2 protein chains.
Amino acid sequence: MKARIITIGDEILIGQIVDTNTSWIASRLNDIGVTIDTTISIGDREDAIIDCVESALREVDITIITGGIGPTKDDITKHTLAKIFKSELVRDEATYQFLKDMLATRGVEFNELNRSQAMVPAACTVLPNRNGTAPCMWFERGGKVVVSLPGVPFEMKSLMTELVIPKLEETFEFTSNVHKTAMTFGLAESVLATVISDWEDGLEEYLHLAYLPNPSGIRLRLSAYNVEREVAEIAIERAFEELKLIIPTYFIGYGEITVADVVANILIERGSTLSIAESCTGGALSSRFTINSGASKYFVGSVVSYSNEVKHNVLGVKNETLIKYGAVSEQVAREMSEGVRRLCGSDYSISTTGIAGPDGGTEDKPVGTVWISVSGPSGTVAEKITFVSLREQNIMRSSAAAINLLRLILIK
Amino acid sequence: MKARIITIGDEILIGQIVDTNTSWIASRLNDIGVTIDTTISIGDREDAIIDCVESALREVDITIITGGIGPTKDDITKHTLAKIFKSELVRDEATYQFLKDMLATRGVEFNELNRSQAMVPAACTVLPNRNGTAPCMWFERGGKVVVSLPGVPFEMKSLMTELVIPKLEETFEFTSNVHKTAMTFGLAESVLATVISDWEDGLEEYLHLAYLPNPSGIRLRLSAYNVEREVAEIAIERAFEELKLIIPTYFIGYGEITVADVVANILIERGSTLSIAESCTGGALSSRFTINSGASKYFVGSVVSYSNEVKHNVLGVKNETLIKYGAVSEQVAREMSEGVRRLCGSDYSISTTGIAGPDGGTEDKPVGTVWISVSGPSGTVAEKITFVSLREQNIMRSSAAAINLLRLILIK
């Protein structure tokens with residue numbers, strides 16, 4: 001079963017808004033076993049809308065359209081759909097009454113523009129929109145379905161969930177698409193691909209593997225299309241269990257889990273606490289933990305020691321160490337993690353000190369040189385890492401690498 | 001001049017990610033006078049890619065493709081482009097050398113997959129990607145241009161800004177679209193719209209105003225299409241100068257400037273220093289400053305005092321105050337800002353303490369209650385703010401509000 005998503009409106013084409021509707025609709029359709037072949041955004045132009053909808057009617061089973069059905073002049077989707085389905089606009093009594101009542105409640109005058117909202121092509125079935133003024137329209141032709149939805153996200157979502165998805169499930173018989181994602185951390189994409197290439201080659205024919213890199217790690221997604229759900233779920237589960245054995249320390253978990261989530265879970269489970277001393281990451285590392293609720297269960301505090309004075313006065317890094325080795329050094333990273341652990345009285349601590357760039361690099365210590373350290377009940381470790389990236393990415397990657405160093409110690 | 005944006009990758013079609021690249025690219029192309037007719041997302045399938053690129057070559061002048069050029073087996077864009085432009089894959093020596101050096105710096109083995117990244121269709125011009133392993137490829141046919149970019153947002157953005165846009169401007173003659181954006185902070189969208197409605201009504205006929213709200217403030221964009229650049233630039237400049245007089249304390253500046261940038265500029269200019277004490281913002285507030293290079297010129301350090309022990313032991317907040325008023329209170333906010341200023345020896349300091357949610361609210365102090373305080377040479381001030389939002393948004397908005405409090409003191 002194939003579908004296409006069409007978004008209508010100039011605001012996307014001029015880059016004024018990010019289209020979040022498409023991703024949401026795609027995900028819901030995938031859940032019920034519908035495969036999206038294409039998503040497309042066009043402007044409020046009759047010729048483009050006709051072209052697009054006619055192609056979709058030829059090439060796919062289900063077409064979901066959002067946008068362009070407001071009351072103003074630039075919104076022409078409804079008139080164009082009336083043309084495509086060779087149908088006059090007629091008043092939908094239920095919509096008319098609903099709009100009249102709703103506007104009365106809000107104390108808004110029921111004007112010509114609102115009245116026009118109750119006019120729909122005679123060929124469509126109206127799915128009532130309880131959260132706005134534009135009705136949802138369902139069209140059929142030769143066993144194909146075209147649905148027109150408002151572009152306002154919460155109106156669209158409520159209509160999709162409550163009316164469109166159930167009606168699609170009544171109209172068609174769906175097979176299942178199954179997807180599952182695993183998160184890895186610590187191997188570059190090319191290295192990971194090499195290490196797991198035998199595993200990849202040995203996957204069942206109908207399982208598709210995709211690599212999805214982001215600063216939190218590289219996600220691996222296994223997908224199966226048009227399958228028996230249970231069989232595919234078991235096959236994917238088994239494949240990932242095998243993968244775990246191949247890369248045990250790099251395999252973080254399933255879904256959108258991050259190294260920070262893994263560390264947080266372990267600390268909470270063991271009743272252990274964490275503090276952090278940051279230099280080059282400047283607060284971003286602490287923020288990785290505190291962005292999630294429940295952080296106060298294990299996170300006690302952190303010091304962002306940007307200047308050498310704060311490194312010395314607050315964290316107790318020795319002036320000799322700063323002078324002899326420089327702020328970006330193994331010794332300073334160690335004294336920082338030990339200092340903040342002592343200061344905050346935590347079980348574990350993490351520190352970072354490095355050159356995020358774009359300025360401040362030297363021949364010895366180029367931009368992207370970062371020392372990370374972890375201190376805990378069984379001692380202190382430190383590691384040097386090097387990134388070649390923009391400032392923001394260097395900060396994100398240093399943060400993730402430092403958290404991962406703690407993770408490796410916790411799971412040892 | 002017409003353009004099309006094509007996004008390649010199954011992750012969009014299954015709804016796993018929201019496509020933010022398209023909006024960003026559309027906005028940049030609009031800035032230089034290019035009109036986007038359609039944006040389209042397709043999967044990693046050769047037939048779909050060929051169809052889509054061939055149609056674009058017939059119908060528009062410029063085609064921008066993102067995604068599908070990683071080193072792994074699921075990425076087939078490069079091979080398909082080689083087919084479309086009837087061209088063999090050859091090794092690009094500059095890319096080869098760059099990849100080799102970059103991976104050596106990172107200590108990653110230069111394997112077969114990386115070597116394959118340096119292979120490009122002979123027909124293309126390579127625009128070097130300094131932030132990743134996939135090169136950007138520029139193709140021409142019959143006066144039309146096709147550009148293939150990596151899908152990783154920061155790599156794509158850096159390539160577009162530094163190489164693709166300048167090369168497009170060399171290749172084509174664009175008529176002018178003029179856009180300029182001003183940033184405001186501190187007024188809700190509906191209030192701002194009311195306050196400036198006379199100004200809006202008095203704008204020149206050909207100037208279009210758009211409201212673009214985000215957590216850093218509400219941006220106002222004035223646009224003029226197909227105009228004489230100089231005339232439009234002067235008219236827009238004049239309009240914004242008038243706006244400044246209407247909302248002097250809410251008008252932050254032009255472009256993507258934030259309240260943190262304004263504060264940073266003033267502190268650097270005056271040679272003053274800043275420290276921060278954070279509770280509910282958990283490092284995110286410090287990160288607003290340290291994300292920009294040059295932060296070390298004024299930012300000395302911060303303390304994230306999540307637990308009461310750290311508030312007391314490190315920042316010197318009195319235990320009586322914590323017990324009597326609770327951690328989320330004016331008194332604690334004040335002692336935090338004064339404490340961190342003393343500890344770090346800075347001229348100014350900011351503090352935050354609040355309930356970011358979703359848990360931890362009470363009837364007295366519901367989720368979204370935040371106290372912010374600023375301490376400086378002329379004393380300490382504090383302010384209570386209330387947000388009704390999700391945790392992440394509450395953190396972002398508290399950070400921005402706290403920085404704005406310092407800005408208002410600095411410009412007084």
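Return the single residue from B:Val146, B:Val90, B:Val108 with maximal mean-square fluctuation; model: Gaussian network over chain B, springs between Cα atoms under 10 Å.
B:Val108
So if I take the centroid of the Cα atoms in region A:4-79 and the same for region A:278-335, what is the distance between those two points in Å?
If you average the Cα positions of each part, the centres end up 49 Å apart.
Dividing the convex hull volume of the Cα atoms of region A:107-166 by its residue count, what figure in Å³ per residue is obtained?
Residue-normalised Cα hull volume stands at 88 Å³.
Please find the FRET efficiency linking B:Ile409 to A:Ser27, where r is the Cβ-Cβ separation and R0 is fixed at 60 Å, and quote it to the nearest 0.05.
The computed FRET efficiency comes out at 0.85.
Using a 1.4 angstrom probe on the protein heavy atoms only, line up B:Ile65, B:Ile50 by accessible area, largest first.
B:Ile50, B:Ile65
For region B:65-139, what class follows from the C-alpha gyration tensor (a ≥ b ≥ c being the square roots of its eigenvalues): rounded when a/c is under 1.5, otherwise prolate if a/b is larger than b/c, else oblate?
Here region B:65-139 falls in the prolate category.
Which semi-axis lengths, in whole Å and largest first, follow from the square roots of five times the eigenvalues of the Cα gyration tensor of region B:351-393?
Semi-axes from the Cα gyration tensor: 24, 10, 7 Å.
If you consider only alpha-carbon coordinates, what radius of gyration and Dmax does region A:83-194 have, in Å?
When restricted to the Cα atoms of region A:83-194, Rg and Dmax are 20.8, 66 Å.
Evaluate the distance, in nm, between pseudo-label points positioned 7 Å from the Cα of A:Lys324 and of A:Val231 along their respective Cα→Cβ axes.
6.8
Using a label point 7 Å beyond Cα on the Cα-Cβ vector, give me the inter-copy distances for B:Pro358 in nanometres, one decimal, shortest first.
In nanometres, ordered from closest: 4.1.
What nm distances, shortest first, do you get from the label point of A:Ile50 to those in the other copies when the point sits 7 angstrom along Cα to Cβ?
Ordered by increasing distance: 3.1 nm.
What is the spin-label model distance, in nm, from A:Val90 to A:Ile246 if the labels are put 7 Å beyond Cα along the C-beta direction?
Here the modelled spin labels are 6.1 nm apart.
Would you kindly derive the ³J(HN,Hα) couplings of region A:305-316 from the backbone phi angles with the Karplus curve 6.51 cos²θ - 1.76 cosθ + 1.60 (θ = phi - 60°), listing them in order in whole Hz, with x for Gly and Pro?
Ordered by residue, 3J(HN,Hα) equals 9, 6, 8, 5, 4, 5, 4, 7, 5, 8, 8, x Hz.
Over all directions, how big on average is the projection of the convex hull of the alpha-carbon atoms in chain A, in square nanometres?
Spelled out: convex hull of the Cα atoms, projected over all directions, averaged, 26.4 nm².
Across the residues of A:17-27, average count of Cβ atoms on other protein chains within 10 Å?
If you average over the peptide's residues, the count of other-chain Cβ atoms is 5.
How large is Rg over Rh for region A:2-171, taking Rg from the Cα atoms and Rh as the Kirkwood inverse mean of 1/r across Cα pairs?
Using Cα coordinates only, the ratio equals 0.94.
Along Cα-to-Cβ, 7 Å out, sits the label point; list in nm, shortest first, how far the one on A:Thr249 is from those in the other copies.
Here A:Thr249 shows inter-copy label distances of 5.6 nm.
Average partner chain C-beta neighbours within 10 Å, per residue of A:32-42?
That average works out to 5.
Considering every residue in B:110-116, what mean count of other chain Cβ atoms within 10 Å of its Cβ is obtained?
Mean partner-chain Cβ count within 10 Å for B:110-116: 4.
Determine, for each peptide in A:147-159, A:375-387, the mean count of other beta carbons within 10 angstrom over its residues, then list the peptides with the highest first.
Final packing ranking: A:147-159, A:375-387.
Sort largest first and round to whole Å: the equivalent ellipsoid semi-axes of region B:47-107, each the square root of five times a Cα gyration tensor eigenvalue.
The answer is 28, 13, 12 Å, longest axis first.
Can you list the residues, at least 5 places off or on another chain, whose amide H is less than 5 Å from the amide H of A:Ala277, using H built in the peptide plane?
The answer is A:Val303, A:Ile350, A:Ser351, A:Thr352.
Roughly what percent of Cα-Cα pairs across region B:259-411 reach past 20 Å?
42
For region B:11-63, compute the orientation-averaged projected area of the C-alpha convex hull (one quarter of its surface), in nm².
Reported value for the Cα convex hull: 4.0 nm².
Below 8 Å between Cα atoms, with a sequence gap of 6+, how large is the relative contact order for region A:259-411 in percent?
26
With chain A treated as a Gaussian network of Cα nodes joined by springs under 10 Å, which of A:Gly70, A:Gly357, A:Gly143 yields the largest mean-square fluctuation?
So, out of A:Gly70, A:Gly357, A:Gly143, the one fluctuating most is A:Gly143.
In whole Hz, what ³J(HN,Hα) sequence does region A:144-160 give by Karplus (6.51, -1.76, 1.60; θ = phi - 60°), x for Gly and Pro?
Computed from phi, the couplings for region A:144-160 are 9, 10, 10, 10, 10, 10, x, x, 5, x, 6, 5, 4, 5, 5, 5, 4 Hz.
Averaging sequence separations of C-alpha pairs under 8 Å and six or more residues apart, then dividing by the length of region A:181-298, give the relative contact order as a whole percent.
29
Taking the Cβ of A:Leu13 as the center, what net charge do the other residues with Cβ under 11 Å away carry, scoring Lys and Arg +1 and Asp and Glu -1?
-2
Compare B:Glu46, B:Glu363, B:Glu140 in a GNM of chain B, Cα atoms joined below 10 Å, and give the one with the largest fluctuation.
B:Glu363
May I ask you to derive the FRET efficiency for B:Arg141 and B:Lys83 from their Cβ-Cβ distance with R0 = 22 Å, giving the value to the nearest 0.05?
0.95
Angle between the Cα long axis of helix A:93-106 and the longest principal axis of chain A, 0 to 90 degrees, nearest 10?
Once rounded, the angle reads 50 degrees.
Quick check: the angle from helix B:391-411's long axis to the longest principal axis of chain B, C-alpha only, nearest 10 degrees?
70
Would you grab the residues whose amide H sits under 5 Å from the one on A:Asn214? Only those 5+ places off in sequence or on another chain, please, with H modelled 1.01 Å from N.
Those lying under 5 Å, H to H, from A:Asn214 are A:Arg219.
Amide H neighbours of A:Gly151 under 5 Å, at least 5 residues apart or on other chains, H built in the peptide plane: list them.
A:Gly67, A:Gly68, A:Ile69
Work out, in µm²/s and without decimals, the Stokes-Einstein translational diffusion coefficient of region B:130-225 at 20 °C, 1.002 mPa s, Rh from Kirkwood over C-alpha pairs.
Once the numbers are plugged in, D ends up at 128 µm²/s.
Please give the helix A:229-246 orientation as an angle from the longest Cα principal axis of chain A, in degrees from 0 to 90, rounded to the nearest 10.
20
For chain B, what is the calculated [θ] at 222 nm in deg cm²/dmol (nearest 500), taking -39500 (n - 2.57) for each run of four or more DSSP H residues and dividing by its residue count?
Estimated from H runs of four or more residues: -12000 deg cm²/dmol.
Taking Cα pairs under 8 Å and at least six residues apart, what relative contact order does region A:24-127 come out at, in percent?
24
Please list, in order, the residues from region B:331-353 whose amide nitrogen is less than 18 Å from a point placed 7 Å along the Cα→Cβ vector of B:Thr386.
The answer is B:331, B:353, whose backbone nitrogens lie closer than 18 Å to the label point.
May I have the convex hull volume per residue, in Å³, for the Cα set of the protein assembly as shown?
About 181 Å³ per residue, rounded to a whole number.
Quick one: the Cα spread of region B:176-254 along its three principal axes, in angstroms, biggest first?
Largest to smallest, the principal-axis extents are 34, 24, 17 Å.
From the alpha carbon gyration tensor of region B:232-293, can you work out the equivalent ellipsoid semi-axes (sqrt of 5 times each eigenvalue) and give them in Å, largest to smallest?
Whole-Å semi-axes of the equivalent ellipsoid: 30, 13, 12.
The values are calculated or read from the model by the stated rules, or taken from the named source; none is laboratory data. Worth saying up front: this structure is predicted, and the values here are computed from it rather than measured. Cβ coordinates were reconstructed from backbone atoms using ideal geometry, including for glycine residues, and neighbour counts include every protein chain displayed. Areas reflect the complete protein model, heavy atoms only, side chains present, ligands, DNA and RNA absent. Shrake-Rupley method; radii C 1.70, N 1.55, O 1.52, S 1.80 Å.
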